[in-house]
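In what follows, a structure is listed as structure tokens, so that the remarks can point back to it.
The values are calculated or read from the model by the stated rules, or taken from the named source; none is laboratory data. No experiment lies behind these values; they were computed from the predicted model shown. Quick reminder, even Gly has a Cβ in these numbers, built from the backbone with ideal geometry, and neighbours come from all protein chains shown.
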Amino acid sequence: MVRLQFSIALQYEVGFPGADFIFNIQAARTRQQTIQSEQLTISQPVTTLAHTDPATQARSLRLSAAPGPLSVRYEATVDIAHHVALPADVPEVPVAHLPPEVLPYLYPSRYCQSDRLGNLAMAQFGALPHGYTRVQAIQQWVQSQVTFKSNTSNSMTSALDTLTDRVGVCRDFAHLMIAVCRALNIPARFTTGIDYGADPALGPTDFHAYVEAYVGHRWYLFDPSGTAIPMGFIRIGTGRDAADGSFATIFGAVASLPPVIAITALTQPGQPWQVPVRRAEALSTA
């Protein structure tokens, strides 16, 4: 089991006549991810509307802010008891046997044009044995084709752009892997979270985008960027692509500072908590 403690601090200056916000910064509650404690602090006296997606357990928070400074801080302690399986024991699921809520993650989406990658996907991976190991091969191929470099893409960059440019950040790696998986009829979704264990050389702790692929009747974790440790992922939001996974969607004139994020792995004698490490097994928090 892993116990992670984290905080997210957001700072805005809201222009006249005010602005509406939809935040996606709270840890999801799943079968394997349990929130031990959490606290949300908002500097303005606003009314909030919370919603939990019944299919993904992603939690959104909506509010209307008045002109002036707005700060939002969320902190939580989360326990993650990963489901662990041997990669060779995790098969792909035929489309006919997929649950209805999984079907949307087979289709092309704004940033994941899987309908344009069918020939490439079949040429690279069509002959491989079906299962978790084929998804691993896709992950490794994406890592080999794309170089991680900050500030090399923008909000318009899609999987096809990344395939052409061969450079990007975590969201770009995720979009390309998702598109290839869907082109092979493997459901895959875009997941956002906070990660423990990333290389400090990459910069301050930030939100991280990774992939969950549906194999073996579970959503398993994959990090195509290779910059993080999946065992240290705290799941926040999921969706078809980055259009569904923004940590803040803003309607109005607003200036913002970069998020300030901190995360710590807790350990204590006599407790089953361990520091996240890279593991060869298949891991799931869903």
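Could we say that residue 235 is surrounded by 17 or more Cβ atoms within 10 Å (Cβ to Cβ), over 22 Å from residue 158 (Cβ atoms), charged (D, E, K, R) and in the same structural domain as residue 134 (by TED's automatic domain parsing) here?
Against the criterion (surrounded by 17 or more Cβ atoms within 10 Å (Cβ to Cβ), over 22 Å from residue 158 (Cβ atoms), charged (D, E, K, R) and in the same structural domain as residue 134 (by TED's automatic domain parsing)), residue 235 qualifies.
Exactly one condition in (1) at pLDDT 95 or above; (2) among the β-branched types (Val, Ile, Thr); (3) buried (at least 16 other Cβ atoms within 10 Å of the Cβ) is not met by residue 56; state its number.
Every listed condition holds for residue 56 apart from (1).
Sort out which residues of segment 162-197 are outside any helix (DSSP H, G or I) and within 21 Å of residue 28 (Cα to Cα), and write them in order of number.
187, 188, 189, 190, 191, 192, 193, 194, 195, 196, 197
Among the residues in segment 73-87, are any touching a residue at least 24 places away in the same chain (Cβ under 8 Å), loosely packed, with under 15 Cβ neighbours inside 10 Å and over 15 Å from residue 218 (Cβ atoms)?
For segment 73-87, residues touching a residue at least 24 places away in the same chain (Cβ under 8 Å), loosely packed, with under 15 Cβ neighbours inside 10 Å and over 15 Å from residue 218 (Cβ atoms): absent.
Note down all Cβ pairs under 7 Å where the first residue falls in segment 173-186 and is assigned by TED's automatic domain parsing to the domain that holds residue 91 and small (Gly, Ala, Ser), the second is surrounded by fewer than 24 Cβ atoms within 10 Å (Cβ to Cβ) and in a helix (DSSP H, G or I), and they're at least six residues apart or on different chains.
The qualifying pairs are 179/114; 183/114; 183/118; 183/121.
Which of the residues that make up segment 106-163 are touching a Lys or Arg at 6+ places or on another chain (Cβ under 7 Å) and among the polar types (S, T, N, Q)?
If the condition is that a residue be touching a Lys or Arg at 6+ places or on another chain (Cβ under 7 Å) and among the polar types (S, T, N, Q), then 109, 114, 145, 147 are the ones that fit.
Do any residues in segment 113-124 that are under 15 Å from residue 141 (Cα atoms) have Cβ atoms under 9 Å from those of residues that are of a type in the set (Ser, Thr, Tyr), where the two are at least six apart or on different chains, and which pairs are they?
Listed pairs, sorted by first residue: 121/114.
Picking from 243, 228, 280, 286, which residue would you name as being small (Gly, Ala, Ser) and outside any loop (DSSP other than H, G, I, E, B)?
So the residue among 243, 228, 280, 286 that is small (Gly, Ala, Ser) and outside any loop (DSSP other than H, G, I, E, B) is 243.
Which condition from (1) more than 21 Å from residue 246 (Cα to Cα); (2) among the basic types (Lys, Arg); (3) outside any strand (DSSP E or B) is the one that residue 29 breaks?
(1)
Filter segment 253-277 down to the residues that are surrounded by fewer than 16 Cβ atoms within 10 Å (Cβ to Cβ), part of a loop (DSSP other than H, G, I, E, B) and either under 19 Å from the mean Cα position of the chain (by Cα) or of a type in the set (Gly, Ala, Ser) (or both) and list them by number.
Within segment 253-277, 253, 258, 270, 277 qualify.
So, in segment 105-142, of the ones that are in a helix (DSSP H, G or I) and of a type in the set (Lys, Arg), which residue ends up nearest to residue 281 (Cα to Cα)?
134
Checking residue 31 against (1) over 22 Å from residue 190 (Cβ atoms); (2) not assigned by TED's automatic domain parsing to the domain that holds residue 219, which single condition isn't satisfied?
The number of the failed condition is (1).
Among the residues that make up segment 200-217, is at least one of them crowded, with 21+ Cβ neighbours inside 10 Å and part of a loop (DSSP other than H, G, I, E, B)?
No: segment 200-217 contains no residue that is crowded, with 21+ Cβ neighbours inside 10 Å and part of a loop (DSSP other than H, G, I, E, B).
Looking at segment 1-26, which of its residues are in a loop (DSSP other than H, G, I, E, B) and closer than 21 Å to residue 78 by Cα?
1, 24, 25, 26
Within segment 79-92, is there a residue that is at pLDDT 95 or above, outside any helix (DSSP H, G or I) and among the small types (Gly, Ala, Ser)?
Yes, there is a match, as at least one residue in segment 79-92 is at pLDDT 95 or above, outside any helix (DSSP H, G or I) and among the small types (Gly, Ala, Ser).
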